[in-house]
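All remarks here apply to the structure that follows.
The values are calculated or read from the model by the stated rules, or taken from the named source; none is laboratory data. Note that the coordinates shown come from a computational prediction; the quantities given were computed from them, not determined experimentally. A quick note on method: Cβ atoms are made from the backbone with ideal geometry, for glycine too, and the neighbour counts reach across all protein chains shown. For the accessible areas, the whole protein counts, side chains as well, though only heavy atoms, and no ligand, DNA or RNA atoms are used. Shrake-Rupley method; radii C 1.70, N 1.55, O 1.52, S 1.80 Å.
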Amino acid sequence: MAKQNDIGRLRERITVQTYTTTYDAYGEEQVTWTTYGERWAAIEYRPNLTEEEQRADRKTAITEAWFTIRYDDAVNTKMRVQYRGLEYDITGITHTADRFYTQLQTTQRDV
C-alpha cells in the first residue's frame with residue numbers, strides 16, 4: 001500500500017487481543033483474552049488458501065486473511081484479531097520498510 005493513496009482503505013474496525021494465563025484453585029490453567037487495542041484495518045481474504053483439515057474426527061474449515069493496520073511493532077504472533085464476531089490467530093507479521101503499515105497474516109478456523 002502506498003501511504004498517500006491507500007490510507008482510506010483502512011476502513012474496517014478490528015480488535016487486537018492478547019492473553020494472560022492464570023491458574024485456578026485446582027491448579028488448572030485458565031486463559032483470558034483482553035483487548036490490546038482497536039485498529040482500523042484493510043482486509044484481504046486469501047481466496048485460494050481456504051482449506052479444510054481433519055480435527056477430532058470432523059472437518060474444520062480454515063480461512064486465511066491478511067489485515068493491514070498502521071505500523072505497530074508491539075503486535076506479535078501470540079495475539080489474535082477479532083473481527084465481526086470471529087477470532088483470527090496471527091500466524092505472521094510483516095512491516096513495510098517505511099514503517100507505515102503492519103500486515104498481519106491470520107487464520108480462522110470454523111470450529
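If I ask for residues that are assigned to a loop (DSSP other than H, G, I, E, B), surrounded by 14 or more Cβ atoms within 10 Å (Cβ to Cβ) and aliphatic (A, V, I, L, M), which ones from the range 71-81 would you list? Val75, Met79, listed by residue number.
In the range 48-70 there is at least one residue that is open to solvent by 70 Å² or more (accessible area, probe 1.4 Å), over 10 Å from the mean Cα position of the chain (by Cα) and modelled with pLDDT of 95 or more. Of all residues in the range 20-47, those being modelled with pLDDT of 90 or more, surrounded by 13 or more Cβ atoms within 10 Å (Cβ to Cβ) and outside any strand (DSSP E or B) number 0.
Here is a yes/no grid of residues against (1) in contact with a Leu (Cβ under 8 Å, 6 or more places away or on another chain); (2) among the hydrophobic types (A, V, I, L, M, F, W, C); (3) free of Cβ contacts under 8 Å to residues at least 24 places away in the same chain:
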| position | (1), (2), (3) |
| --- | --- |
| Phe67 | yes, yes, no |
| Arg70 | yes, no, no |
| Val81 | yes, yes, no |
| Gly85 | no, no, yes |
| His95 | no, no, no |
| Asp98 | no, no, no |
| Tyr101 | no, no, no |
| Gln105 | no, no, no |
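Would you pick out the residues in the range 7-19 that are in contact with a Phe, Trp or Tyr (Cβ under 6 Å, 6 or more places away or on another chain) and surrounded by 15 or more Cβ atoms within 10 Å (Cβ to Cβ)? If the condition is that a residue be in contact with a Phe, Trp or Tyr (Cβ under 6 Å, 6 or more places away or on another chain) and surrounded by 15 or more Cβ atoms within 10 Å (Cβ to Cβ), then Leu10, Ile14, Val16, Gln17, Thr18 are the ones that fit. Within the range 82-106, being more than 18 Å from Arg9 (Cα to Cα) and open to solvent by less than 20 Å² (accessible area, probe 1.4 Å) holds for Tyr88, Ile90, Gly92, Thr106.
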